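The values are calculated or read from the model by the stated rules, or taken from the named source; none is laboratory data. Note that the structure is a prediction, hence the values are computed from the model and not measured. In this analysis, Cβ positions are derived from the backbone assuming ideal geometry, glycine residues included, and neighbour counts consider all displayed protein chains. Ligands, DNA and RNA are stripped out before the accessible areas are found, and what is left, the full protein with its side chains, is counted by its heavy atoms. Shrake-Rupley method; radii C 1.70, N 1.55, O 1.52, S 1.80 Å.
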Amino acid sequence: MEQPQPLLQRCEGAVLVLSNNNPAARNALSPAFYAALTEALAQAEADPTVGAIVLTGEGGHFCAGGDLRQLAKRRELPLEERRAKLEGLHDLIRTVRDCRKPVIAAVEGAAAGAGLSLALACDMLVAARNAVFSVAYVKVGLTPDGGATAFLAEFVSRQVLTELCLTGERISGERLHALGPVNRLAEPGETLAQAVALAAQVATGPDTAMANIKALCRSAYVQPLADQLELEAQLMVLSQATEESREGIAAFLEKRPADFARLRQAPATAATQPDTTK
């Protein structure tokens, strides 16, 4: 029997919608999904018609995490091989996190284990009120991976982080929204539509500036103020010389909407990258 495509793709205007397509297993992760999502994100980065990306799941669930049947078999492998297989997940998390274009998770149903990590790796998160999130590893005698502890630590105290990880407690979209990482809380069945609307809003923005803003937002959590100020200064003086800022400032002064989508068709100027020759 022919296997279904691990990832479904469609475009809604300037928004690329990517959907995990393993509903029989509540969209559990697989190497095929890693490869498909990595390729789709690379193509989206190179496609000037794509302004933002929405990541979701088929069949009413976002992602149930790793396939426990496959994980059970890994006990038979040498440690080095187990580590190599785990790096497939970690490479995917890095790819999502480092994508130059905004990536928005749309979560209905379950986002458990590595599925939670994948959702939190995205730049923004839209969740149904009754969505279920869980750091479920402790329930099966495993420890978190996929950056779950790092992402959760960005917005909860050490005590809350420890509770979530030691209990594997299921928390609702409403509670996760109260904790901080959920940008939009949707009624069940409306999550994807709200995520696409949010993606369409940011997709009109300046491509290079948004990529640099993403970098600033990531580094803000991991480096001292002095280093962050230096990075802000470097990127600000570079952005002042781009066609994006020329268009944005002119549009503001002329009281009209800026047309950044047109600029995606043109090659980036040298001023968008730091000058390392001096």
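Proximity of backbone amide H atoms, modeled 1.01 Å from N, is registered between Thr49 and no other residue at under 5 Å, excluding neighbours fewer than 5 places apart on the same chain. Per residue, the accessible area of region 24-112 comes to 48 Å² when a 1.4 Å probe rolls over the protein heavy atoms. Estimated from the Cβ-Cβ distance and a Förster radius of 51 angstrom, the FRET efficiency linking Ala72 and Glu254 is about 0.20. Amide H to amide H distances under 5 Å link Leu7 with Asn21, where only residues 5 or more positions off or on other chains count and H is placed in the peptide plane. Among beta bridges from DSSP that stay inside the chain, the antiparallel ones total about 30%.
The charge dipole of region 1-100, taken about its Cα centre with unit charges on the Cβ of Lys, Arg, Asp and Glu (plus for the first two, minus for the last two), comes to roughly 420 debye.
Where only DSSP H runs of four or more residues are counted, the chain gives -14000 deg cm²/dmol as its mean residue ellipticity at 222 nm, each run worth -39500 (n - 2.57). Legend: calculated FRET efficiency, Gln228 to Gln3, from the Cβ-Cβ distance at R0 = 35 Å, rounded to 0.05, equals 0.15. PRE reach from Val138 (point 7 Å along Cα→Cβ): which of region 52-96 fall under 20 Å by backbone N? Correct set: 65-66.
Under the combined filter of DSSP loop state and at most 13 neighbouring Cβ atoms within 10 Å, region 204-264 retains these GluC sites (Glu not before Pro): Glu254.
The chain: longest stretch without exposed chymotrypsin sites (Phe, Trp or Tyr not before Pro) (DSSP loop, at most 15 other Cβ within 10 Å), sites themselves excluded? Don't skip to the end; give the middle numbers.
Numbers: sites that count: Phe155, Tyr221.
Result for the longest clean stretch: 1-154.
Applying 1/(1 + (r/R0)^6) with R0 = 41 Å to the Cβ-Cβ distance of Arg170 and Ala84 gives a FRET efficiency near 0.85.
Simple rule: put +1 on each Lys or Arg Cβ and -1 on each Asp or Glu Cβ in the chain, find the dipole, and look at Leu235, Ala84, Met210; the Cα lying farthest toward the positive end is Ala84.
What is region 28-132 by shape, rounded, prolate or oblate, if you read a ≥ b ≥ c off the alpha carbon gyration tensor as root eigenvalues and call it rounded for a/c under 1.5, prolate for a/b larger than b/c, and oblate otherwise? Oblate is the answer for region 28-132, as a/c is 1.5 or above yet b/c matches or exceeds a/b.
In the list (i) 152; (ii) 131; (iii) 165, the label attached to volume of the Cα convex hull per residue in Å³ as derived from the coordinates here is (iii). Taking a sphere under 12 Å around the Cβ of Ser30 and counting the other residues whose Cβ falls inside, with K and R at +1 and D and E at -1, yields a net charge of +1. Amide H to amide H distances under 5 Å link Val107 with Val126, Ala127, Ala128, where only residues 5 or more positions off or on other chains count and H is placed in the peptide plane. For region 1-81, the carbon plus sulfur part of the accessible surface works out to 53%, probe radius 1.4 Å.
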